[in-house]
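Single-structure report; data block below.
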Amino acid sequence: MYLDALSFLEDERDAWRPYEALVELSDDDLARPVADARGWSGRDLIVHMIAWQLVALDVAKELAVSPESPTKAHADADWEARGGEVVNAEIEAKWADRPIDEIRDEFLRISGELRGFLTVVPETRWLKNADYQRFFIDETLDHYEDHRPDLAAILSAAGR
């Protein structure tokens, strides 16, 4: 439970920092599936992480101007109705044809933009609202922690 935005934002930044090593990998390293990372490639991990950060960013943008987020309501209902495997498979398919340079650019941009928007969302709408605070923790800190073994395996496979 966070009581102030700065603490959350600092923790989020620190937790995200290790993932930034992914953009330094070669295109070949990013394309190689890694058995110890769910069979994902570095590209797959990047896409997965930024896709969920983009959902969080859309929620933050909505909360900046309104006390409710239709994006969160839709994402929660979709996850509940269809399950994570289906939703995540759609994410992979949606990003499959994007050039790796575009994916790298998005990867470098999105987390900072999310942090920036959270600084303008009134704290009563996200930090002091248990449901929204849990959402942002789930989509950032907890999500990053869940995928740390995948990150480590991908970086190790690339000799890092």
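One residue stands out among those in region 85-97 that are farther than 11 Å from residue 48 by Cβ and loosely packed, with under 13 Cβ neighbours inside 10 Å: the one that is modelled with the lowest pLDDT, which is 85. Residues that are charged (D, E, K, R) and either free of Cβ contacts under 8 Å to residues at least 40 places away in the same chain or in a loop (DSSP other than H, G, I, E, B) (or both) within region 6-19 comprise 10, 14, 17, listed in sequence order.
For the structure I just gave you, tell me whether residue 21 is modelled with pLDDT of 95 or more and in contact with a Leu (Cβ under 8 Å, 6 or more places away or on another chain). Here the answer is yes, as residue 21 does meet what is asked.
Beta carbons closer than 8 Å, at least 6 apart along the sequence or on distinct chains, pair a first residue in region 34-45 that is surrounded by fewer than 22 Cβ atoms within 10 Å (Cβ to Cβ) with a second that is basic (Lys, Arg) and not in a helix (DSSP H, G or I) for 41/32. Apart from one condition, residue 71 fits all of (1) under 16 Å from residue 9 (Cβ atoms); (2) buried (at least 16 other Cβ atoms within 10 Å of the Cβ); (3) free of Cβ contacts under 8 Å to residues at least 40 places away in the same chain; the exception is (1).
Out of region 35-93, which residues are among the polar types (S, T, N, Q) and closer than 20 Å to residue 117 by Cα? 53, 66, 69, 71, listed by residue number. Among the residues making up region 124-151, those that are free of Cβ contacts under 8 Å to residues at least 40 places away in the same chain and under 17 Å from residue 45 (Cβ atoms) are 142, 146. It is to be established whether one or more residues within region 56-79 are closer than 21 Å to residue 136 by Cα, among the hydrophobic types (A, V, I, L, M, F, W, C) and not in a helix (DSSP H, G or I). Among the residues of region 56-79, not one is closer than 21 Å to residue 136 by Cα, among the hydrophobic types (A, V, I, L, M, F, W, C) and not in a helix (DSSP H, G or I), which makes the answer no.
The values are calculated or read from the model by the stated rules, or taken from the named source; none is laboratory data. Keep in mind it's a predicted model, so treat the numbers as computed, not measured. Neighbour counts are summed over all protein chains in view; Cβ atoms, including those assigned to glycine, are modelled from backbone coordinates with ideal geometry.
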